[in-house]
Each structure stands twice: as C-alpha cells, then as structure tokens.
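Novice: Okay, here's the structure, questions in a sec.
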Amino acid sequence: MNDTAKPARIVLVDDHPLVRDGLRARLDAVPGLTVAGEAGNADDAIALAASLQPDLVLMDIGMQGMNGIALAGVFRARFPAIRVLMLSMHDNVEYVTQAVRAGASGYVLKDSPATEIVRAIGSVLAGNTYFSAGLGVRMIEASAMATPVERLTPRERDILDALAQGLSSKQIAQRNGLSVRTVETHRLNLKRKLNIEGQAELIKFAVENRRRNG
C-alpha cells in the first residue's frame with residue numbers, strides 16, 4: 001500500500017464482534033488502509049455506506065437477517081462505486097459464484113493469512129478481482145461451462161444493462177462513479193468477450209439480453 005496517499009477507507013461487516021476486532025487490529029496497522037466503520041448486520045452496513053462512502057466493504061456471508069450475498073447485491077445497486085470483498089469460512093464454489101454475480105469483486109477465506117487478506121484488499125481496490133488460492137482455479141473451471149454473459153464481471157454486466165437502457169458512456173460513468181475512459185474500456189471488453197464487432201451490435205445485444213432476463 002502507498003503510505004503517502006490518502007488511506008483507503010474500509011467498512012467491516014460481520015456479526016461477530018471478535019472477528020471485527022481482529023480485522024480492525026490487522027488492517028489499521030497497514031499503511032494506506034483505515035477502518036472507517038463496523039457493522040454487524042445488513043441494515044447497519046447500508047446506513048454506514050450511505051454516511052461514510054467508504055472505498056471498500058469487507059463482509060461475511062453468514063449473518064442473521066439479510067446474508068452477505070444479498071447485501072452485495074444491494075451495494076451493487078445503491079453504491080456502485082464501493083468495492084465489495086467477501087470474507088467467508090465457506091470455500092464452496094457455488095457461494096463464490098453467487099457472490100460474484102451479486103456484485104462482489106473478490107472472495108477470500110477467513111482462515112487465510114493476514115498478508116493474503118491485505119493483498120486481496122489491495123487487488124480489489126485497484127479495480128481487479130481476487131480469489132483465495134484454489135478458489136480461482138475452480139472458478140475458472142466453472143466459468144468454462146458458463147455462457148458468455150455469465151463470464152462477464154459484475155461491472156461489465158452493469159454496463160451492459162445500462163447500454164440496454166440507452167445510456168451514453170458519460171451517463172454510465174456518472175452513475176457508477178467511473179471515468180468515461182474506463183467505461184469505454186469496459187465497452188471494448190464487452191465486445192471482445194461477447195464476440196461482437198460494432199457499437200450498434202453491442203447495444204442490440206444488450207437490449208435483447210435485458211428483455212430475455214426481464
């Protein structure tokens with residue numbers, strides 16, 4: 001992490017106070033990171049996100065009430081600029097797949113070394129994805145059987161849906177807290193991944209895909 005830049009602000013979401021205490025102690029000791037807040041349930045997490053606007057939310061899956069996967073979907077819809085990293089004891093690929101589809105940018109196991117959790121945070125903050133060792137390989141294997149749309153990242157699916165709604169790159173950038181250049185890069189990646197040539201064909205595909213999926 002860059003200790004000369006403004007620290008990245010993180011919100012911890014886990015219904016076990018001892019887990020949050022341990023994570024705070026680990027992360028506050030890392031230059032370039034600061035824990036801005038903690039929540040033990042979905043409602044408190046949403047309220048904190050609205051008031052603090054953190055850079056990243058590190059959340060568990062298993063919580064009373066709304067679970068972490070459903071909460072990731074809420075964040076994707078309401079706070080698209082906030083990155084979500086799941087921290088879970090479950091190494092089931094189905095959980096990982098559901099989390100990614102909901103909007104998470106990474107998935108790291110709770111029994112991972114502190115150095116790996118920090119590495120995962122750094123990767124996700126940089127705009128990349130991160131999966132604990134072993135999970136990444138299994139995700140690739142599962143992806144090989146997925147449709148082209150299912151292989152898209154949550155951000156790419158958001159942009160595809162925005163194109164279906166007729167939004168311009170500038171409008172998409174403003175809605176998602178991105179630069180226009182970043183949106184254009186995503187559009188290029190969409191065409192490559194979907195094997196589509198022109199912009200008109202991409203928009204047509206986006207509209208048809210939205211219609212199929214309601």
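Novice: Could you work out how far apart the two model spin labels at Arg119 and Ala77 are, taking each label as a point 7 Å from the Cα in the direction of the beta carbon, and quote it in nm?
Specialist: 3.6 nm
Novice: From the Cα gyration tensor of the chain, with a ≥ b ≥ c the square roots of its eigenvalues, which class applies: rounded if a/c is under 1.5, or else prolate if a/b is larger than b/c, or else oblate?
Specialist: Prolate, since a/c reaches 1.5 and a/b exceeds b/c.
Novice: For the chain, with only Lys/Arg (+1) and Asp/Glu (-1) charged at the beta-carbon, what is the dipole magnitude about the Cα centre, in debye rounded to 20?
Specialist: Using Cβ point charges on Lys, Arg, Asp and Glu, the chain gives about 900 debye.
Novice: What's the extension gain from Ala25 to Arg175 if we count 0.36 nm per residue and subtract their Cα-Cα distance?
Specialist: Length gained, Ala25 through Arg175: 50.6 nm.
Novice: Have a look at Val108, Ile203, Gly65 and report the one farthest towards the positive end of the charge dipole of the chain, computed about the Cα centre with Cβ charges (Lys/Arg +1, Asp/Glu -1).
Specialist: My answer, from the dipole projection, is Ile203.
Novice: Antiparallel as a % of all DSSP beta bridges within the chain, to the nearest 5?
Specialist: The antiparallel proportion sits near 0 percent.
Novice: May I pose another question? Enumerate the calculated ³J(HN,Hα) couplings along the range 182-190 in order (Karplus 6.51 cos²θ - 1.76 cosθ + 1.60, θ = phi - 60°), each rounded to whole Hz, writing x wherever the residue is Gly or Pro.
Specialist: 5, 4, 4, 5, 4, 5, 5, 5, 4
Novice: Mean separation of Cα pairs under 8 Å and 6+ residues apart, divided by the residue count of the range 8-143: what relative contact order is that in percent?
Specialist: Normalised by residue count, the contact order of the range 8-143 is 19 percent.
Novice: Hey, another quick one. Given the chain, what count of lysine pairs have C-alpha atoms under 26 Å apart, with each pair 8 or more places apart or on different chains?
Specialist: 5
Novice: What does the extension gain come out to for Gln64 and Ala200, with contour length at 0.36 nm per residue minus their alpha carbon separation?
Specialist: This chain segment gains 44.4 nm when fully extended.
Novice: Among Ser105, Ser168, what is the fewest-to-most ranking by other Cβ atoms within 10 Å?
Specialist: By the 10 Å Cβ count, ascending: Ser168, Ser105.
Novice: Given labels modelled 7 Å from the Cα in the Cβ direction, how far is it in nm from Glu208 to Met89?
Specialist: Going from the Glu208 label point to the Met89 one covers 4.7 nm.
Novice: Using 0.36 nm per residue, how much length does the chain from Asp161 to Leu18 gain when fully extended, once their Cα-Cα distance is taken away?
Specialist: Contour length minus the Cα-Cα distance gives 47.5 nm.
Novice: Once R0 is set to 30 Å, what does the formula 1/(1 + (r/R0)^6) return for the Cβ-Cβ distance between Ser112 and Thr185, expressed as a FRET efficiency to the nearest 0.05?
Specialist: 0.50
Novice: Let me have the 222 nm mean residue ellipticity of the chain computed from DSSP H runs of 4+ only, each contributing -39500 (n - 2.57), with the sum over all residues rounded to the nearest 500.
Specialist: -16000 deg cm²/dmol
Just so you know, all these numbers are worked out from the coordinates, no wet-lab data involved. Quick caveat: nothing in here was measured; it's all calculated off a predicted structure. Cβ coordinates were reconstructed from backbone atoms using ideal geometry, including for glycine residues, and neighbour counts include every protein chain displayed.
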